[in-house]
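**Q** The structure under discussion is supplied below as structure tokens; questions concerning it will follow.
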Amino acid sequence: MKKNILFALIAMLSLLLAACGTSEKNEGTNGDNNDGESTEKKVLEMATSADFAPFESRNKDGEFIGFDIDLANYIADELGYELNIQDMKFDGLIGALQNDRVDMVLAGMSATEKRQKNVDFSTTYNRSGEMFVTLKDAGIEKVEDLEGKTVGVQLGTIQQEGAEKIQEDIVDFEMKTVDSGQVLIQELKSNRIDVAYMDKAVAKGYIKEQDLFGFDDPTSSSPGMAVAFPKGSELVDEVNAILKEAEENGKLQELKDKWLEEEE
Ligand code: ARG
């Protein structure tokens, strides 16, 4: 008798498990159907690190805004995709592409040779040098003045590498890495770092908005910003074609006028 109950229980359990399995599978099949007759749009998964105005940040309502966001929407529209944006730490973006968790990354990411070992890049859509940002009247006006100071950089950025190189080659200072671009400016304003080292286009925004001081990094020659993809992605060519078109039809310039200050 007892045995029968046990049997019944096991049978019920396996039925339940089987049901779970099927529902999962069904989800997958539905997704695949998007390629076919379904009217649902395919989703393009993009990741960014929304701590980097004017390229990507969030407005008061938590919506993504910025140059990269507009450009990504343009790309998705042109390709007939619906865009879904995931926010991550900058340091995790390359990994997300390598694990195929997202289709592309727009995050003001410079197309360095080192990164090209792990991901593919589109053609570049913007160039920006580097800048050192300080409080006004800090008396730090050139690279040599960094001696003995604390310089903050965002983790995983080319500025982290650049700062390490300056430390080795030119002048000795302490380096502090933080997770987010916004935190860098907070650290500066609360005197926990003396200098924030970042992309010029981003630095210029903060200098103006928060009444700070900044000077150009004469040592840097960083590659331009590009869209990043998992290695071998078919999207590379498609996005390159769209970027070319955006260059020619004035869309890229329109976005630069909207979000970026003129490079002097
Ligand atoms: N251009 C720099 C780099 O590629 C910094 C980019 C930081 N981007 C961001 N969304 N926080 O390393």
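**Q** Output ³J(HN,Hα) for the stretch 120-137: one whole-Hz value per residue in order, computed from phi by the Karplus curve 6.51 cos²θ - 1.76 cosθ + 1.60 with θ = phi - 60°, and x for Gly and Pro.
**A** These are the phi-based 3J(HN,Hα) values: 9, 10, 6, 5, 7, 10, 6, 10, 8, x, 10, 9, 9, 10, 9, 5, 4, 6 Hz.
**Q** Hey, another quick one. Which FRET efficiency value, to the nearest 0.05, do you get for Glu209 and Thr123 by plugging their Cβ-Cβ distance into 1/(1 + (r/R0)^6) with R0 = 30 Å?
**A** Between Glu209 and Thr123 the formula returns 0.45.
**Q** Give me the orientation-averaged projected area of the Cα convex hull of the stretch 203-264, in nm², one decimal.
**A** Averaged projected hull area, Cα only: 6.3 nm².
**Q** Turning to a different aspect of this structure: Take peptides 196-202, 60-66, 78-84, 175-181 and line them up by average Cβ neighbours within 10 Å, highest first, as a rough protection proxy.
**A** 196-202, 175-181, 78-84, 60-66
**Q** Next up: Round to a whole angstrom and tell me the spacing of the C-alpha centers of the stretch 115-139 and the stretch 178-229.
**A** 8 Å
**Q** Next question. Extending each Cα 7 Å along its Cβ direction at Glu78 and Asp172, get the distance between those two points in nm, one decimal.
**A** Placing both labels 7 Å along Cα→Cβ, they lie 5.1 nm apart.
**Q** Along the Cα-to-Cβ line of Gln186, 7 Å from the Cα, sits a label point; which residues in the stretch 44-67 have backbone N less than 20 Å from it?
**A** Under 20 Å, as judged by backbone N against the label point of Gln186, lie 48-65 of the stretch 44-67.
**Q** Go through 231-244, 153-166 and give me the packing order, highest mean Cβ count within 10 Å leading.
**A** 153-166, 231-244
Any read-out appearing in this document is the output of simple, stated calculations on the displayed coordinates, not a laboratory observation. Note that the structure is predicted; figures quoted are calculated from it, not measured. Cβ atoms come from the backbone with ideal geometry, glycine included; neighbour counts cover every protein chain shown.
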